[in-house]
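Here the structure comes first, spelled out in structure tokens, and everything after it is commentary.
The values are calculated or read from the model by the stated rules, or taken from the named source; none is laboratory data. Remember, it's a predicted structure, so these values are computed and weren't measured experimentally. Every residue, glycine among them, receives a Cβ derived from its backbone with ideal geometry; neighbour counts consider all protein chains shown. Areas reflect the complete protein model, heavy atoms only, side chains present, ligands, DNA and RNA absent. Shrake-Rupley method; radii C 1.70, N 1.55, O 1.52, S 1.80 Å.
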Amino acid sequence: MPVLSNDQKAALDHVMEWYTKDRENMPFVTLGGYAGTGKTTLIGVIRRELHKIDPGLKVGFVSFTGKAARILKTKIKEAEVMFRQDTVGTIHSLIYTPILNAKEEIVGWKTKEEIECSLIIVDEASMVDALIWEHLKSYRVPMIVVGDHGQLPPIRGNFTLMQSPNLKLEEIHRQAKKNPIIGVSITARETGNIPTGRYGDTVVKYGRENSETPEILQEMLNNYHPETLILCGYNKTRKRLNAFIRNALGIESKEPVEGDRVICLRNNHKAQIYNGMLGTVTRISRKNDQVYAADIEIDGEDDMYSGFIAVDQFDADTALNFTENRRLFNGIDLFDFGYALTVHKAQGSQARKVILFEERFSKMSDDDWKRWLYTAVTRAEEELYIFPSP
């Protein structure tokens, strides 16, 4: 078994006591943990200890997106704690089933009558919205809910599972401290100020005083790759960056075309697409002045999105509001260009390389700024380059 920190040990003891004594009265327990505190490691240890006391226990490991579920599955297998009866997948695959028409085409989704697991472990729980949470609870299956309580809350609504977790992991592991991205994330979370400088071969903050900064930035943007997340604060900056990158890629049309990177801006549970999901357009055509018909390959998901998306959403300042024309826009989804994202939209996403523009809103409190900066930094897996606002 891995060597656990003191707060990991305390959390493990609490979870085991909850499972053996309290799960009937307390249907779920929430566990928050900062980046580098070993949340995934602890999930593995918990699963191993549960197997010792209940070998037949069937666990459904779930995460919000397909990419996150694949990462979780890899880590669980590496830890050798995935037992034959266990499953790993998205929340949607666990609790929703497709609705088919006469042609056997998927026309929607509904909750399953029952699910085949006796314990659910939810990872990346900060992405779970109120509706999905109510659906999860409706099965009355005990749940261990895990997420990062240092991140921003969801941009819409007041619901967040990680606002006040029952248990917290805050001790950074010794090995994690050697990771420059983790080091920068600690500085961001604790002080809200990342000094200009080099923190590793691929972790750098550039300052305005460096005459080479504009040239370095332009070269990075010109060499955009889909495995890169470009993050900022303001929508106006996002729009400028999207236009710059599309131009650098040789895309002359102001309208979306095949190959464009896009982001979903509104949940559609029937279509199985969710706010913040990224994808690549594989087919698109204009149906009328208001609607495109599009096929979009969503990152990390097995199923292709095929549907109708709003023309006016592309390059709009905010997500469209269809309240006044609900019937007219029934069945229309919202996507926008997804080369550059606001940090709020990037929650739940990670990338090998992140280019971050520090942009603080004038009304943002110090605590909100720290959460914004921490959330942005922790989107990076290997490379992190921070720039002043363009």
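Details
- Here the mean projected area of the convex hull built on the C-alpha positions of the range 185-230 is 4.1 nm².
- Cα gyration tensor shape for the range 71-129, rounded if a/c is under 1.5, else prolate or oblate: prolate
- Cα-based Rg of the range 210-287 normalised by 2.2 N^0.38 Å, two decimals: 1.27
- Estimated 222 nm signal from helices in the chain, with DSSP H stretches of n ≥ 4 weighted -39500 (n - 2.57), rounded to 500: -8500 deg cm²/dmol
- Dividing the alpha-carbon radius of gyration of the range 1-137 by the rule-of-thumb value 2.2 N^0.38 Å gives 1.13.
- 1.4 Å probe accessible area per residue over the range 191-346, in Å²: 52
- Alpha-carbon centroid distance for the pair the range 1-49 / the range 77-130, whole angstrom: 22
- Karplus-derived HN-Hα couplings along the range 73-87 (A = 6.51, B = -1.76, C = 1.60, θ = phi - 60°), whole Hz, x at Gly and Pro: 4, 4, 5, 5, 5, 4, 7, 6, 10, 9, 8, 3, 7, 7, 10
- Here the chain carries DSSP beta bridges of which approximately 40% are antiparallel, counting only pairs with both residues inside.
- 3J(HN,Hα) from dihedral phi, the range 332-347, Karplus parametrisation 6.51/-1.76/1.60, rounded to Hz, x for glycine, proline: 9, 9, 10, 10, 9, 4, x, 6, 10, 10, 6, 4, 4, 6, 8, 4
- From most to least packed by mean Cβ count within 10 Å, the peptides 304-317, 59-72 give 59-72, 304-317.
- For Ile230, residues with placed amide H under 5 Å, excluding near neighbours: Leu341, Ile355
- Cut-off under 5 Å, modelled amide H: who pairs with Ile121 long-range: Gly60, Phe61, Val62, Ile144
- Long-range HN-HN contacts of Glu358 with modeled amide H, under 5 Å: Phe387, Ser389
- Given their separation in residues at 0.36 nm each and the Cα-Cα distance between them, Ala10 and Lys236 gain 76.8 nm when the chain is fully extended.
- Cα-based convex hull volume of the range 1-72 per residue, rounded to whole Å³: 115
- Backbone phi angles across the range 175-182, fed through the Karplus curve with coefficients 6.51, -1.76 and 1.60 (θ = phi - 60°), yield HN-Hα couplings of 5, 5, 4, 6, 7, x, 5, 5 Hz in residue order; Gly and Pro are listed as x.
- Here the range 266-390 has an Rg and Dmax of 16.5, 46 Å, counting Cα atoms alone.
- Relative to the compact-globule estimate of 2.2 N^0.38 Å, the Cα radius of gyration of the chain comes out at 1.02.
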